[in-house]
Every structure is written in structure tokens, then in C-alpha cells.
Ligand code: GLN
Ligand code: ZN
């Protein structure tokens, strides 16, 4: 039988996050490796069976990982960094690379394209010596599938993507490529007794590949395509340039994303003329909404005009790694929200339905009428916006004078990014309140105590601008989503973020508006305890959007602007209540940038507009701060300037002031707080060290525009190191001020 449905990968953490809990037990020493390994095997079997039962013809084999597929690829290719070579035990070495140990820093971790999944970054260099390839894991998982009567393709990350995502100098890529390609060929050779088929994941090819990338692509698949039955998969965008090249190599098939890369339709004619099979990624693998099966069927019929049905397979746009397991456990979701959703299990069913309709002419099930998602008041408010709604009423120069008078801050003012350590007691109080185990009064008392403690600590440390500490927040996006109309929360909608870490993104399903003030109560209480300025803390519209599962029946721009209006209402309440410094965090602003350069301008425009729409309500003497969790601003500096925040705090403590030069170069006028120490580690920096850092910053930025703060929020730190580090920070500033 020919194959009609295919998957690029299935979530691996377990329907109830079994793998997460087992891994964490294992790391604590409470579970031995055999027990962990048995659990992993059981999960793989369960996931294979689930896909088979849903009628998926081709599953992905080797999509499992104890931590990350890039790390597994490093092991398979004999390319683990030499610095881990002193660890003999392969399991210990594996987890040392993933998480570090007492003598080894972990591999760097970063986001997988524009998703919230993080992979571990290979470390390569010109003299890198590859070790023999290591096919064990793949052989084992293939054998498991076979024993269960499962048919599938072995999933591997392809050489172009592996190299593109590695840390190495641009100049040595060519040299490394030859060695790397030999490793791939050796790996295929080692796996050749299986006579298996493969899927090479090559999504780096959707990121505006250069001519050199394309020539390496040609070389790679000319060679590998002769060794086995190879499919090349790309996703998250169109892959027009790569498709044109791949059609002239001996690979057997292509998997393309028709959800996020409509330009892939333009390649159909060429694919039709070739002999390649095409996997049409038509069900969104990274969002949670039901597929419009009728529209998909029409699209498939359209595609079949160019590529004969015998050469078509239906698939998801990407691996289902990026969506939760199933709706089975969502008893608490409102039925109108549930009716909109399809998690991984439900997507398998959609694939099966679509396949029967397309290949066998079976009728699609009738479509249930969709619930009403739009809110007339919200729509009317959006429609009535004018250019003034996107502009602060006074220019920065005037606002700065007002702030000087109002706040009367010393030079190099000190502050923090918002959150303070979240102790187990704080978390417990929040959880018990949510479950109704403690009364609202008891919860309020617990939070007020935490705030009071935090405020008095900041006063005694001598910080200039205080925060309330964010103790009432579990997560900076969830906290706001839970209070806004238009958002819903799943009970079990976990998605792997990295290693054993999972996140449960809010579901933005309808028009957004604010029901009542969200932060005012806590901020006002905190302000009542001190004469120093209290910074109000909000999450920005773009970050709320980028960290949610967002509805697709209207543009992201529309949704972002609705959130912006809700945040604007909150800013207005705060300023009326006398909170005159308000921070609007945009931690995820940059991560929403499209993978294709041609799409960026559009995103920049509406992301910027959304931030402006949220903050333009701020009056002359309300100072708007923002915070971003990265330091690479070179390519977005003009957007940052246009955001017109009075103060921006950023993460620079690890990259030094080299990256700050851009602010100097463009003559950035507003104020900046480049983090003076790294909060991602429990290490307490010395006074001298921070002083040194401040002096280095003063070489690039004027003292009149410089703020002094840590790198990011302190919620994951302990109290003792936090107190010590902030004490050093304040002392360091005093030393520098005295010398100025
Ligand atoms: N205000 C938030 C905090 O301090 C900012 C967090 C972030 O940047 N990710 O926790
Ligand atoms: Zn941050």
C-alpha cells in the first residue's frame, strides 16, 4: 500500500509529562537509569501505537530524546565537543552536555527557529576531529518500531541545518562541511542493514539561504541521496530556493510547509515535472486550532492538478513537538473554546479524515458552527483609532524634564527588573489560593507580607526606584491572560520548552479586553509603604502575543492591538492612582521576528504600533520603562528607538559593552539600564566587578542616560544571594558616583 499520511515527529514528554518527572527524579538520584530508560521505551511504544491506531502510515522514528534532538545528533555524528571527552560514562557525558556538571559548563542553548523549543548548540572549530559515528540509539528505536509492526522513517537533522545552527567561525564552515558530510555518510552506512527510509530535517533552508548554502545543499544530497531513500523536510516558511536545488538531487521526496509557507505553492509545477513524492504539510503542527478540513481538501485538490495523487502524502506542517497531547483531560475548558481546539491526538484524527476524503472520496464530517469570537465593543474601539493613539502627547525631551522634577533621582539611579525571589512558601500560597484551599483574605495577607518584606529590603539596601516583587504572578504572561477576556487556559496543555521544562501557553481564542484593573491593587499597596518611586509592572502586548497560542481567524496584528488597548487601560489606572513609573516588559519582542527578511518590516511595523498603542496613554510625567531579555540590538535599533520608551533595561552583563556601541552610533537619546550583573547564576558579583562594569558602560553611554540594574528579574534566585548582589551593586554605584 502506498503511504498517504506522514508525521515529522510526535511529542515525547508523555501525556502526563511522565518523562519530565522521571528525568527530574533521575537527576536527583531518586531513580536509576534503567528505570528511566524503561519508562522512555514504554512512552515510545505508546506514542507509536497511538499514531498507528489513528491510521498514520509513516511515523517518525528517532524523534524521541532524553533531552534534545540536536544533542542526540551530536552524539550520533561523533561530534560531541572535546571538552566533555574526560567523562567516560556515556550517560553522564550526555547529561553533562545538556545541563553541565561540577566541572563542565553545559552547552549553550537557544531557540529552535521561531518556536519556544530550545536546542543545544554544537561546538565546532577548524581543527575539530570527529569521533566514529554512533548509530546505537537509532538502531534501537528502529528495532522497537519494527517489533511493534510500525512503519516509519528515521528522522535526522540534516547537515545544512546542523552546521547552520552550530557555533563556529563563518570562515571554517566550508572545511567543517566536508568532515561533517563524511560523518553523515558513515552514519547512513552504519544504518544501511536496516534498509530504512529517512527524513532529513533541514529547516535552516527557509531562512533566506545564501548561494553558498545552496551549493552545499546540492553537494550534500547528491551524495547522501545515493546512499538511501531520503526525504528532505523544511518547515516554518517556504523553501523555494532549496526546493529548486533538491529537485535536481537523487532524494526521493520533499516535505513542505503549506501552512506557514504559501509560496511553496509556486514550486508545485516543478515538483510535478520531477519524480519526487511530496508531503503536503497542511495541518498546522505548531498551533492548537482545528483545521478547516474543507479548505484543506480544496487546497489538496489544487495541488493534485500539478502533482499526481500517487505522489502526494498528507502531513502536518512540522513535528507535533510544539503542541500538547490531547483534549481528553480538558474538562474545565468552556465548551465553546474546546470546540475550537485540536491538540496532537486530535490532529492525528484530522489527518486520517483528510486522507480518506482526498484519496477515497469519503465525505468530510459536517462542520459545527463556530462560536462567536468577536466583541463589538472591542472591534469598534480598534476601528476608531487615530494616529494620535500611537503617540505620546509630549516628546521625550519634555518628559525627561518632568521626570527630573518629579522623581528627583540621583545620577545613575538604581533599580531592579521587577520580580524578587519566589520561595516555596510564596508558590504554595498561590497554588492553595487557586485551588480554594486558603481564603482570599489569607492569600492577600500572605502576598502583602511578601511585598512589605521586599519593599523594606529594597529601602534598606538603598535602591532608588523600587518594585513590589511580582509575588502574585506565576508567570508574566499567564498572570495577565488569566485576567483578560478572550483568553482561556488548558489544564494539561503542556509543551516541551527544553529538557524536562514544559510550558502551558495561554489560549488566545477571542477578542481581548480588560475586565477590571489587574495590577493596581498590589502596586498601590506597595507604593503606600514607601516614599520612593514604585515602578508598576506590566507585560507588553507583543510578549503576551508571542508566548500564547494565538487564534488564526484574524491577523496577529489585530490580536496584538487588542491586548495593547487592555494594557493601555491598565497604564491609565496606574497613573491615575499615582504610580508614575510603569515598566512594560517586552521580553519576547525580538523572538517574534519572521524567519524571512522580506516579512520583517511588516512585523516590525505592527509590533511597534502595538507597543505604542499600549503606552501612548502615559501622560507627560508618567515615565515608561521597558525591558528586553537580550542584548543584540544592532538590527532592530531603529525600532527600539521608535518605541520611545523613556527607559529601557536590557541584558548585557555577559556580552560586555561591545554590543552597546550601537546605541552610541545611532545617538540613542532615551535612558538605558544595561544589566550590570548576570542573574542567571547564583554567583554573587563583587563590588569591584560591578564597579568595573559601570565604568565600562560609561565609556559608551553618558552618565545622564545610564541606569544601574541587574540583567533580568530575580524570581529564580535565592534571597541571600539576591540581597548580597544588590548590596554590592548599590555600593559599586556609590563608589562611581563619588568619583564622577
Ligand atoms: N518583570 C519581569 C521579571 O522581573 C521580567 C521578566 C523577563 O524579562 N523575562 O520577572
Ligand atoms: Zn529579562
Tilt, helix 556-576 to longest principal axis of the chain (alpha-carbon atoms), in degrees rounded to tens, equals 20 degrees
Which of the peptides 360-368, 614-622, 164-172 is most tightly packed, and how do the rest follow, going by the mean number of other Cβ atoms within 10 Å of each residue? 614-622, 164-172, 360-368
Want the number for residue 501 to residue 382: 0.36 nm per residue separation, take away the alpha-carbon distance, what's left? 39.1 nm
Two-site FRET efficiency, residue 218 against residue 739, from Cβ-Cβ distance with R₀ of 60 Å, rounded to 0.05: 0.50
Which residues in the stretch 602-646 place their backbone N less than 12 Å from a point set 7 Å from the Cα of residue 658 along the Cα-to-Cβ direction? none
Dividing the surface of the Cα convex hull of the stretch 354-421 by four yields a projected area in nm² of 13.0 nm²
Helix 719-739: angle to the longest alpha-carbon principal axis of the chain, degrees 0 to 90, nearest 10? 60 degrees
Calculate how many DSSP beta bridges within the chain are antiparallel, expressed in % of all such bridges and rounded to the nearest 5. 15 percent
Distance in nm between pseudo-label sites at residue 373 and residue 89 (7 Å out along the Cβ direction from Cα): 5.0 nm
For residue 252 paired with residue 485, estimate the spin-label separation in nm (one decimal), with each label point 7 Å from Cα along the Cα-to-Cβ line. 5.5 nm
Just want the ordering: 330, 136, 58, 432, from fewest to most Cβ atoms lying within 10 Å of their own Cβ. 136, 432, 330, 58
For a Förster distance of 30 Å, can you work out the FRET efficiency between the beta-carbons of residue 453 and residue 686, rounded to the nearest 0.05? 0.70
Average the reciprocal distances over every distinct pair of alpha-carbons in the stretch 217-316, invert the result, and give the Kirkwood radius in Å. 13.7 Å
All-pairs Cα distance distribution in the chain, expressed in whole percent, bin size 20 Å: 16, 47, 32, 5, 0
Where the Cα pairs of the stretch 61-138 fall when distances are cut into 10 Å bins, in %: 18, 53, 27, 2
Distance (nanometres) between label positions extended 7 Å along Cα→Cβ at residue 310 and residue 270: 2.5 nm
Report, to the nearest 10°, how far helix 293-304 tilts away from the longest principal axis of the Cα atoms in the chain, using its own Cα long axis and a range of 0 to 90°. 50 degrees
Rounded to the nearest 0.05, what FRET efficiency is calculated for residue 295 and residue 210 with R0 set to 45 Å and r the Cβ-Cβ distance? 0.80
Give the separation of the Cα centroids, the stretch 163-228 to the stretch 406-442, in Å. 49 Å
The alpha-carbon center of the stretch 533-562 and that of the stretch 610-664 are separated, in whole Å, by 17 Å
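No lab work stands behind these numbers, since they all come straight from the coordinates. Keep in mind it's a predicted model, so treat the numbers as computed, not measured. Positions of Cβ are generated from backbone atoms using ideal geometry, with glycine treated the same way; all protein chains shown enter the neighbour counts.
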